[in-house]
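Q: Could you have a look at this structure, given as structure tokens, before my questions?
No lab work stands behind these numbers, since they all come straight from the coordinates. All values derive from a computational prediction rather than experimental measurement. When we count neighbours, we look across all protein chains shown, and the Cβ atoms used for this are built from the backbone with ideal geometry, even at glycine.
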Amino acid sequence: MNYTFADRMQGMESSAIRELLKVAQDPEVIAFSAGNPAPESFPIHEMAEISASIFQEQGAKALQYGISEGYPELRRLSEERLKNRYGIGRDFDQLIIVSGGQQGMELSTKILTNEGDTVICENPSFIGSMNAFRSYGLKLRGVEMDEEGILPEALEAIAASDPKVRFLYTIPTFQNPSGRTMTLERRKAVLEIAKKYDFLIVEDNPYGDLRYEGEDVAPIKSLDEEGRVIYVGSYSKVLAPGIRMGFVSAHKDLIAKMVIAKQVSDVHTNQFFMILAAEYLKRYNLDDHVQEVRKLYKHKLDLMAGAIREHFPAEVIFHKPQGGLFLWCSLPEGYDALELCRRSGEAKVSIVPGRVFEIDAKLVSGTFRMNFSTPSEEAIQRGVKILGGVIRKYLDECRPL
Ligand SMILES: Cc1ncc(COP(=O)(O)O)c(C=O)c1O
């Protein structure tokens, strides 16, 4: 069959890159290309106990339809934690439970944009969100960053030149893929620009709890006094991604529209897992669990950063992030990380070329992303050593483009 697909499915991801990343499915390959939480961090025993008690005590409720806003107890507990931990939640805000943070981005797009509108994204940015925007026929404009996050002048230049900007999508803390965290000053500046040019901000914060060093920086949403910021959070990186549990905190008028949009998408988030997440939050202290997860990831990050210093040529630049799940590296000027990715796949180590996360994936880029949460300690050490050898060979054999 020759299928004709909708225009909105175009430009999602180049198939050449997808083919390249398939090497990670080979069990012999050391996958630094994934972004999965560590399986050893999942509270399996606790969840098994809670599951059994749910079926014993409220089985019918767990198997019945629920409401699109989400299980009330989970909403309440999520709001409480947001308020205590991040100072988020003003009188005008409400919270909806969504099927992972990813759905928060999709619903925001669905309720706010028309085909041909513009969304500004950090460049590079999270591919899942960029594809959600693309699937609604939006124009993506990439805003430049430095180590302190979005460059306010660059953001203002885009906003001033494009009246169709509907929102800015940002991951200000431990950005995926770059690992960068926006400073408080920049967050304030970004919010001021949004006010000046009257666009909204979608703040995506799945990694905020995974800080291993340094001080927390206030979310942009906590600075928002007028309902301009849509905050998207997730339990994927602190509990488990398979339960597909996220939430959106935003002005109640926005949430009311999201509720209608969610009815069309999936009616409500999985009722059993919403009850399970609520019970987990009631019976256990999530912050204690997060503390354990942080310890595990800090150790893995230190290990990977140490191995990189030992095995990578000095010309490769990398920034050790203060949290999150990713290390972002750059080859010297003129080298292509796509070619490196091909070579490292042959040596049974997978990495992701940075261009995957760029607005225009066809542009040559020397950047690549490495994940440290999924591989074992042994795999981190062995894999970085192999990769170091592959990089050396590539730099020796090839001239810059
Ligand atoms: C920046 C960012 N946002 C959102 C998500 C989606 O997370 P969830 O599992 O909550 O849908 C991810 C997942 O990797 C991510 O990296």
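Q: Amide H of residue 118 versus every other amide H placed in the peptide plane: which residues, excluding those fewer than 5 positions away on the same chain, fall under 5 Å?
A: Amide H to amide H, under 5 Å and 5 or more residues apart or across chains, residue 118 pairs with 139, 165, 166.
Q: Another question, then. Return the long-range amide H neighbours of residue 180 (sequence gap of 5 or more, or a different chain), with a cut-off of under 5 Å between placed amide H atoms.
A: 175
Q: Which lysines have a Cα lying under 27 Å from the Cα of residue 262, excluding residues fewer than 8 positions away in the same chain?
A: Those lysines meeting the cut-off are 61, 83, 110, 139, 164, 221, 237, 252, 282.
Q: Please give me the summed charge of the neighbours of residue 364: other residues whose Cβ is under 15 Å from its Cβ, Lys and Arg +1, Asp and Glu -1.
A: Details: positive: 342, 355, 362, 399; negative: 333, 336, 339, 358, 360.
Charge balance near residue 364 sits at -1.
Q: Compute the angle between helix 271-283 and the longest alpha-carbon principal axis of the chain, please, reported from 0 to 90 degrees and rounded to the nearest 10.
A: 90
Q: Mind giving me the FRET efficiency for residue 253 and residue 42? R0 is 35 Å, r the Cβ-Cβ distance, nearest 0.05 is fine. Spell out each step's value before the answer.
A: Details: r = 37 Å, r/R0 = 1.05.
That gives a FRET efficiency of 0.45.
Q: So, one more: In cubic angstrom, how much convex hull volume per residue do the alpha carbon atoms of the stretch 44-283 span?
A: 117
Q: Here's something else I'd like to know. Could you tell me how many cubic angstrom of Cα convex hull volume the chain has per residue? Intermediate values should be presented prior to the final figure.
A: Numbers: hull volume 63.4 nm³, N = 401.
Convex hull of Cα atoms, per residue: 158 Å³.
Q: Here's a follow-up. Enumerate the calculated ³J(HN,Hα) couplings along the stretch 88-100 in order (Karplus 6.51 cos²θ - 1.76 cosθ + 1.60, θ = phi - 60°), each rounded to whole Hz, writing x wherever the residue is Gly or Pro.
A: These are the phi-based 3J(HN,Hα) values: 9, x, 8, 4, 7, 8, 9, 10, 10, 7, 10, 7, x Hz.
Q: Label residue 76 and residue 196 with points 7 Å out from Cα along Cα→Cβ: what is the distance between them in nm?
A: Each label point is offset 7 Å from its Cα along the Cβ direction, giving 4.4 nm.
Q: Which whole-Hz couplings ³J(HN,Hα) result when phi for each residue of the stretch 242-247 is put into the Karplus expression 6.51 cos²θ - 1.76 cosθ + 1.60, θ = phi - 60°, listed in order with x for Gly and Pro?
A: Here the 3J(HN,Hα) series is x, 6, 6, 10, x, 8 Hz.
Q: Label residue 285 and residue 265 with points 7 Å out from Cα along Cα→Cβ: what is the distance between them in nm?
A: Distance between label points: 3.4 nm.
Q: Moving on to the next point. Output wanted: per-residue J couplings in Hz (rounded whole) for the stretch 185-201, from phi through Karplus 6.51 cos²θ - 1.76 cosθ + 1.60, θ = phi - 60°, x for Gly and Pro.
A: 4, 5, 4, 5, 4, 4, 5, 5, 5, 4, 5, 4, 9, 6, 10, 8, 10
Q: Kindly list the residues of the stretch 92-134 that lie in the label zone of residue 67, defined by a backbone N under 12 Å from the point 7 Å along the Cα-to-C-beta vector.
A: From the stretch 92-134, the list is 95-97.
Q: Which far-off residues, 5 or more places away or on another chain, put their amide H under 5 Å from the one on residue 210, with H placed in the peptide plane?
A: HN-HN under 5 Å from residue 210: 324.
Q: What length, rounded to one decimal in nm, is gained on full extension from residue 26 through to residue 397, with 0.36 nm per residue of separation minus their alpha-carbon distance? Don't jump to the answer; show the numbers that get you there.
A: Details: separation 371, 0.36 × 371 = 133.56 nm, distance 2.71 nm.
Answer, rounded to one decimal: 130.8 nm.
Q: Taking the Cβ-Cβ separation of residue 114 and residue 188 as r and a Förster radius of 35 Å, what is the calculated FRET efficiency to the nearest 0.05? It would help to have the intermediate numbers written out before the result.
A: Values: r = 30 Å, r/R0 = 0.85.
Given R0 = 35 Å and the Cβ-Cβ separation, E is 0.70.
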